[in-house]
Amino acid sequence: MNALHQEVHEVMETLFQRYPALCGFMVQPDLSFSHIACHPALEAEEARELIDEISATLRELVEEQPEAADLLRGRTLARVFH
C-alpha cells in the first residue's frame, strides 16, 4: 500500500474507532458525503456531532493531502470487522 493509501486508511480507521456506532458512509464526487449508516441509530445531537466530525475529517485530509480527493470520490467507506 503506498503512503497516500496508508494515510487515508489510518485517518478513516481513527474515525471509525472514535464512533463505534458508525458502520459506513459514501463520499460523493464533490467530496460531500451521504448514506451514513449507524448501528445502533444515533440520537439527534450525536448524529449532528458525527456529521460534523466526518465533514471535518474529510476536509482536513484533503487540505493536507490534496491527492486524497481522487481516492475518496465515489467510494463507500465501511467499518472492517475481524
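The values are calculated or read from the model by the stated rules, or taken from the named source; none is laboratory data. For clarity, every value in this text was computed on a predicted model and none was experimentally measured. Note that each Cβ is placed from the backbone with ideal geometry, even for glycine, and that neighbours are counted across all protein chains shown. Surface accessibility is based on the protein's heavy atoms, side chains included, excluding ligands, DNA and RNA. Shrake-Rupley method; radii C 1.70, N 1.55, O 1.52, S 1.80 Å.
A few notes on this one:
- Matching residues in the stretch 13-27 - criterion: being surrounded by 14 or more Cβ atoms within 10 Å (Cβ to Cβ) and either within 14 Å of Arg73 (Cα to Cα) or without any contact (Cβ under 8 Å) to a residue 40 or more places away in the chain (or both): Tyr19, Ala21, Phe25, Met26, Val27
- Residue match in the stretch 16-37 (condition: in a helix (DSSP H, G or I) and either of a type outside the set (A, V, I, L, M, F, W, C) or out of contact with any Lys or Arg (no Cβ under 7 Å at 6 or more places or on another chain) (or both)): yes
- Among the residues of the stretch 28-47, the ones that are in contact with a helix residue (DSSP H, G or I) (Cβ under 9 Å, 6 or more places away or on another chain) and either closer than 14 Å to Leu77 by Cα or loosely packed, with under 11 Cβ neighbours inside 10 Å (or both) come to 6 in all.
- When the stretch 38-47 is filtered for residues that are of a type in the set (A, V, I, L, M) and not in a loop (DSSP other than H, G, I, E, B), the ones remaining, listed by number, are Ala44, Ala47.
- Here is the figure for the stretch 48-81: residues that are in a loop (DSSP other than H, G, I, E, B) and open to solvent by less than 40 Å² (accessible area, probe 1.4 Å) total 0.
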